[in-house]
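Comments concern the structure below.
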Amino acid sequence: MNRTLVYAVFIAAVLGLGLLIGYNNIPGEWYQALAKPAFNPPNWIFAPVWSILYVIIGFVGARLFLDHRRTAAMRLWLAQMLLNFLWSPLFFGMQDVSSALIVIIALLIAVAGVIVASWNRDRVSALLFLPYLAWVAFATVLNGSIFLMN
C-alpha cells in the first residue's frame, strides 16, 4: 500500500468533506441574531482554524489506518469524524443548539479517547490531536454558552 497515497486521500477527504459541510452550513442571519458570549471569536477565524485542524485530523487518520487499523484509536477516530461532520448541520443547518451541544460533548469525549487510545502506540498522533482537543473544548464551551444565553 502506498503510504503517501493513503495520507493524501485521508487529508483530501477530511479537508474536502469538512469544507463542503461548512460551505453548506454557513452561519446566517439566525446565528447573527443569537446572543453570544464576549469570548465568541469573529466568524472569519473558523475557516482557517478548521482547515488546519482538518489537515491534522486527516494526517492522524492516515497514520492510524496504516499502522493501527484494528485498534480502539482508529474506531474512536472514525467516531469523532462522524460527530464532527454532524455538528454543523445540527447547529447551523437545523438551528438545533441543544442537539448540537450533545453532539459536541460526545465529540470532545471521542477526541480525548483518540488521544488516550493512541498515547502508548502512536505518541505523534496523540500529540497532534491536542490542539484539536483544545479547539473542541473551546467550541463546547461556546456552544454551551449560546445554549444558556438563548
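The values are calculated or read from the model by the stated rules, or taken from the named source; none is laboratory data. Worth saying up front: this structure is predicted, and the values here are computed from it rather than measured. Please note that ligands, DNA and RNA were not included when accessible areas were found on the heavy atoms of the full protein model with its side chains. Shrake-Rupley method; radii C 1.70, N 1.55, O 1.52, S 1.80 Å.
Things to note:
- The heavy atoms of Val141 present about 80 square angstrom of accessible area, all protein chains included, probe 1.4 Å.
- Taking Leu66, Leu101, Leu83 as the candidate residues, the one with maximal mean-square fluctuation in a Gaussian network model of the chain, Cα springs under 10 Å, is Leu66.
- Cα-based equivalent ellipsoid of the chain: semi-axis lengths in Å, sorted from largest, via gyration tensor: 28, 16, 12
- For Leu133, the accessible surface of its heavy atoms amounts to roughly 50 Å² (probe 1.4 Å, protein chains only, rounded to the nearest 10).
- Structure-based [θ]222 nm, the chain - -39500 (n - 2.57) summed over DSSP H runs of at least 4, per residue, nearest 500: -25500 deg cm²/dmol
- Axis of helix 3-24 versus longest Cα principal axis of the chain: the two differ by about 10°, to the nearest ten degrees.
- Helix axis angle, 130-149 relative to the chain longest principal axis, alpha carbon, degrees: 20
- Phi to ³J(HN,Hα) by Karplus 6.51 cos²θ - 1.76 cosθ + 1.60 over the range 87-97, Hz, x for Gly, Pro: 4, 4, x, 5, 6, 8, x, 8, 6, 10, 5
- For the set Met81, Met149, Met1, the ranking by accessible area, highest first and with no ligand, DNA or RNA atoms included, is Met1, Met149, Met81 under a 1.4 Å probe.
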